[in-house]
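Read through the structure below, which is laid out as structure tokens, and then see the notes.
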Amino acid sequence: MCGIVGYIGTQRATEILLSGLEKLEYRGYDSAGIATIWEEQINCVRAKGKLHNLRSKIEHSENPAPIGIGHTRWATHGKPEEHNAHPHMDMARRIAVVQNGIVENYRELREQLKAQGHEFVSETDTEVIPHLIAQFLKEETALADDNSDVILFEAVRKAVNQLQGAFAIAVICADYPDELIAIRQQAPLVIGFGQGEFFCASDTPAIIAHTRAVLPLENGEMARLTPLGVEVYNFAGTRQRKHVRMLSLSPTMVEKQGFKHFMLKEIYEQPGVVRACLDAYFSSADDAGDSLINLDLPESLYADLEQIQIVACGTSWHAALIGKYLLEQLAGIPTQVQYASEFRYAPAPLTPNTLTIGVTQSGETADTLAALGMEKERRQGLESKYQVRLLGITNRPESSLGHMVPHIINTLAGIEIGVAATKTFTAQLMAFYALTLDLAQRRQTLPQEKLADIITGLRGIPKEIESTLETQEKLTEHLAHDFAETQDFIFLGRGINFPIALEGALKLKEISYIHAEGYPAGEMKHGPIALLDAKVPVVAIATPGNVYEKVISNAQEAKARDSRLIGVTPVNHGEAADVFNDMIPVTEVDELLSPLLTVVPMQLLAYNIAARRGLDVDQPRNLAKSVTVE
Ligand code: M6R
């Protein structure tokens, strides 16, 4: 969480920092601030709330400073007030620092610094950093000869070596106006290379308007940016050889392109995302040969496989539940799905020949990374059948996850800006279809014709999403009108569509702030049915297949308690029209593929209710797109 950005070059830094922060606002939006160096002084401006508050404070400034750092905050330590906003400074106001992450030992450091006479003005963990740098700067200055050009760098390096935790940091100092230092330790940070200008940022959208040449720092690395170039070192001070690479992202990919919100644009991008996954993961009939699936995963990952365990959070966890259904039902592999935040402190006992999959769209979720790291560690040195086998499913192969695991399925959804995950969920499902079918083919758990039928069915999905998107949008807009003031919602599903009920409830909660619960339809009668009355609408996902009739009866039970029933169901199928008060049509497809269609009205319903309530759909309160803290 939190976004940081830095610039050094020849242009006016303020505008570059503000527009960079705009692209990082999805990471947090409790407060924002920038610090620049001009006329040997640090000019620091901060504002509580969203970036536009900061913008309006700076609007009339003519500060031409060509160096600066910026921050958009998701509060961890200290309330979202201006005095806790970054950048933070030392007492002499010569050093400014922005941080994304958590300094775990900040209390000890703060006490130690207080004893040395430092005074603090915020409740944040970050504030210890400029004070610590100031302390080391004093020592370095006293020791160094007049020609030394690494005084600031050495002071920062020594300070960083005192910090424990996961963080990315950018530092400037008014006494060294031609230097910006960027540090990465388990929180993402990328360096950008322009013509005589250099950038650092938590994520590439912040700099893509200026350059596509980037260098992602690795954990334990720090970069010294000057107008002459960039040098990368490890925390011990040894220079590292690094290679710049070119991004395939383009600036228009991070624009709304005529849609009112990023979330709506991303919902509409889903047919294209499914097509991209189909092209990448599956062979066309002509060149099929023996294999219909192109995942390119080594046999060593699959050999003698007895069990799969999946760790994930939030929407990725819901995708993993659908993955479990597919892996168990089609490939016959027992599969456990764990919340990463639980698994890391209470892992299941070790099982042999186990594949561990981490699912995370951002590739930066702290709990998921820690769960995978823990699994790697506890299997180290064990006999071969207990050794770790790791696979990542992510939309950001260049992320921390990408560095951590040896094999990745890239979900190819393109960058997702809306905090509520939509197209990346659909892409994760596509990854699970491909993985399951790959395993089913290798283990011969499905006849080749059934396998080919499923792939043919998948190929039809983009058109089916396209043909219902607009109808569903209108219908859900209409429903949003009726439900904008509703206080509680229940979502029901069974079998492969139970996780879609969970996802529908999560989408509604996170962007409309309406209480919602997703439940397995058959479990309602064991307690939650007591919640139902005319004020509690029920959305039931009823798609033809082996639990269709069951869901319909469970829905009838809700109707008998006066709930208004909304069916996500094929319109002309069975008794749906008699049961539901409202219907959101989805095309009838093989039940196994139905989540790819049923999730779309869930997203649209949540979107339209939140938009109708006048809420900030793309940046809902208290949330951030990538959750890089525990
Ligand atoms: O980047 P990840 O997939 O690891 O993120 C996991 C969750 O934080 C994320 O899915 C969250 O629940 C979304 N806001 C859901 O829309």
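Side notes on the structure shown:
- Look at (1) at pLDDT 95 or above; (2) closer than 30 Å to LEU458 by Cα; (3) assigned to a loop (DSSP other than H, G, I, E, B) and you find that GLN257 fails only one, number (1).
- Within the range 477-514, being surrounded by fewer than 23 Cβ atoms within 10 Å (Cβ to Cβ), within 26 Å of the chain's Cα centre (by Cα) and not hydrophobic (A, V, I, L, M, F, W, C) holds for LYS509, GLU510, TYR513.
- Check on GLU22, more than 22 Å from GLU127 (Cα to Cα) and in contact with a helix residue (DSSP H, G or I) (Cβ under 8 Å, 6 or more places away or on another chain): yes
- Residue in the range 450-467 that is buried (at least 22 other Cβ atoms within 10 Å of the Cβ), of a type in the set (Ser, Thr, Tyr) and more than 27 Å from ASN294 (Cβ to Cβ) present: no
- Listed here are the helices (runs of 4 or more DSSP H) enclosed by the range 273-364 that have at least 3 residues being crowded, with 18+ Cβ neighbours inside 10 Å and more than 16 Å from the ligand (Cβ to nearest atom): 314-331.
- Where helices (runs of 4 or more DSSP H) fall entirely within the range 494-588, those with at least 2 residues that are out of contact with any strand residue (DSSP E or B) (no Cβ under 8 Å at 6 or more places or on another chain) are at 498-512, 548-559.
- Assessment of the range 397-409 against the conditions (without any contact (Cβ under 8 Å) to a residue 60 or more places away in the chain and within 11 Å of the ligand (Cβ to nearest atom)) yields at least one matching residue.
- Note on the range 393-434: residues that are in a loop (DSSP other than H, G, I, E, B) and farther than 15 Å from TYR26 by Cα amount to 12.
- Figure legend. Inter-residue proximity from the range 555-578: first residues assigned by TED's automatic domain parsing to the domain that holds PRO601, second residues among the polar types (S, T, N, Q) and not in a loop (DSSP other than H, G, I, E, B), beta-carbon distance below 9 Å, spacing 6+ or different chains. Indicated pairs: LEU565/GLN556; VAL568/ASN497; VAL568/THR598; THR569/THR598; ALA576/THR569.
- Test result for ILE496, modelled with pLDDT under 95 and either within 16 Å of the ligand (Cβ to nearest atom) or over 20 Å from TYR302 (Cβ atoms) (or both): no
- Of the residues making up the range 9-44, those that are of a type in the set (Gly, Ala, Ser) and surrounded by fewer than 24 Cβ atoms within 10 Å (Cβ to Cβ) are GLY9, SER19.
- Scanning the range 218-255 for residues that are in contact (Cβ under 8 Å) with a residue 60 or more places away in the chain and closer than 30 Å to GLU269 by Cβ yields LEU249, MET253, VAL254.
The rows are residues; the columns are (1) touching a residue at least 24 places away in the same chain (Cβ under 8 Å); (2) surrounded by 24 or more Cβ atoms within 10 Å (Cβ to Cβ); (3) under 22 Å from ALA168 (Cα atoms).
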{"position": "LYS57", "(1), (2), (3)": "no, no, no"}
{"position": "GLY70", "(1), (2), (3)": "yes, yes, yes"}
{"position": "TRP74", "(1), (2), (3)": "yes, no, yes"}
{"position": "GLY78", "(1), (2), (3)": "yes, no, yes"}
{"position": "GLU81", "(1), (2), (3)": "yes, no, yes"}
{"position": "HIS86", "(1), (2), (3)": "yes, yes, yes"}
{"position": "ARG93", "(1), (2), (3)": "yes, no, yes"}
{"position": "ALA96", "(1), (2), (3)": "yes, yes, yes"}
{"position": "ASN100", "(1), (2), (3)": "yes, yes, yes"}
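- One residue stands out in the range 611-620 among those that are within 21 Å of LEU51 (Cα to Cα) and away from the ligand (no atom under 12 Å from the Cβ): the one that is modelled with the lowest pLDDT, namely ASP616.
The values are calculated or read from the model by the stated rules, or taken from the named source; none is laboratory data. The model shown is predicted, which means the values in this text are computed figures rather than measured ones. Using ideal geometry, Cβ is built from the backbone for each residue, glycine included, and neighbour counts are taken over all protein chains shown.
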